[in-house]
1. For the chain, list the DSSP H helices whose alpha carbon atoms reach 15 Å or more along the long axis and whose average Kyte-Doolittle value is -0.5 or above?
2. Accessible surface of T171 in the full protein assembly, 1.4 angstrom probe, to the nearest 10 Å²?
3. Can you show me the helix-derived [θ] at 222 nm for the chain, built from DSSP H runs with n ≥ 4 at -39,500 (n - 2.57) apiece and divided by the number of residues, rounded to the nearest 500.
4. Using a 7 Å offset from Cα along Cα-Cβ at K283, what residues in segment 44-85 end up with backbone N under 20 Å from the label point?
5. Whats the longest run of the chain with zero GluC sites (Glu not before Pro) that are DSSP loop and have at most 15 other Cβ atoms within 10 Å?
6. Classify segment 142-255: rounded, prolate or oblate, from the alpha-carbon gyration tensor (a ≥ b ≥ c, eigenvalue square roots; a/c under 1.5 rounded; otherwise prolate if a/b is larger than b/c)?
7. Quick check: pseudo-label points 7 Å beyond the Cα along Cα→Cβ at K266 and A313, how many nm apart are they?
8. Looking at the square roots a ≥ b ≥ c of the eigenvalues of the Cα gyration tensor of segment 78-166, which shape do they give, rounded for a/c under 1.5, prolate if a/b is larger than b/c, or oblate?
Amino acid sequence: MSAAPVRRHTLLLGAVLVLALLLRLGFWFGVVGFDSSGWGDEPDYHRLASSVAAGEGLKSPLGEPTAARPPLYPIIVGGLYSILGDDPDVARAFQVLLGVLAVLLVYPLTRRLATPGGALLAAFLAAVNPALIYMSGLIMSENLYILAILSVLLLLVRDAREPREPASVRTYLIVGALSGAAYLARPQMLFFAAFVGFAVLWARPLPWRGRLLRLAVMVLAAAVVVSPWLARNYRQFDAFVPSTTHGGITFYESNNELIPTNPEFKGIVVLPRKAVPGWDELKDLPEVEYNREAFGKGINFIRSHPALSLRMAWWKFLRFWRFDA
């Protein structure tokens, strides 16, 4: 593009970013409000970040080491708390910043796949996307995870379009490190990383040796980033905890006999948690055993009700794509 269209696109992108900022600030100021530790998972993340800021590490409400949440987000927010004060609004300001950065990253990513106008449209759609605006107002790890995913995709697309040696190998070193960081923000990254690994092996027009080298570099970098968390968990719990100790109860909350018998739980989880069947057997167990037993209960329910479990999965799918609040 000539200088004039470049300036116009720069101004338009700037306008999109300003719009993204205003919408996210508007949701924070007008809907969430100030001085609120939030709802759902928010108080947990705020408490963990406060514990980090106080120099105590990731601690449970009882003051014991915990792996109930992925560590990266509360550690970063805890660092901000230690500098700017232990205030949930600090975390919300950070969330807004992450949300705007995500919109910014959408532009160069789609610019490599579409026209400049298409890239601007993609950035605009990200700026006004209600789900992204919503996530930018909550003290949760999704925004950090989204930013890591977009960074990984940008690096992969750039490398696919402009393969260079040995810069390409260095790219996969960064991709691996970012993938490891994303896993420490949201364990679901494991599934996306598997997709990326498949793409590296099959999509690139390279000899097998080059593909395997890139995959090995990516996996090694990710392992280096994740290994301190695994070592810490083994030291604290004398057990292998690959991600968190929260997945078991979440899985059981959405796979139990109360879901199909109560319309209010259809497609979601049983709330409050103490209402799940067998809660008295779970609540006083040590953290790792609690996670294992809850997961086992969910698996047992699915094994005992395979057809019903498929229907429940369909309900969850429909709820995920609903258009009401």
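The values are calculated or read from the model by the stated rules, or taken from the named source; none is laboratory data. What you are looking at is a predicted structure, and each value in this text was computed from that prediction instead of being measured. A quick note on method: Cβ atoms are made from the backbone with ideal geometry, for glycine too, and the neighbour counts reach across all protein chains shown. Each accessible area value is taken on the protein alone, full model and side chains, heavy atoms only, with ligands, DNA and RNA left out. Shrake-Rupley method; radii C 1.70, N 1.55, O 1.52, S 1.80 Å.
1. 3-27, 72-84, 88-111, 116-128, 142-161, 167-183, 189-202, 208-237, 306-320
2. In the full protein context, T171 sits at about 10 Å².
3. -22500 deg cm²/dmol
4. Under cut-off, by backbone N: 44, 60-64, 68.
5. The answer is 57-256.
6. Note, shape of segment 142-255 comes out prolate.
7. A separation of 2.0 nm, rounded to one decimal place.
8. In terms of gyration-tensor shape, oblate.
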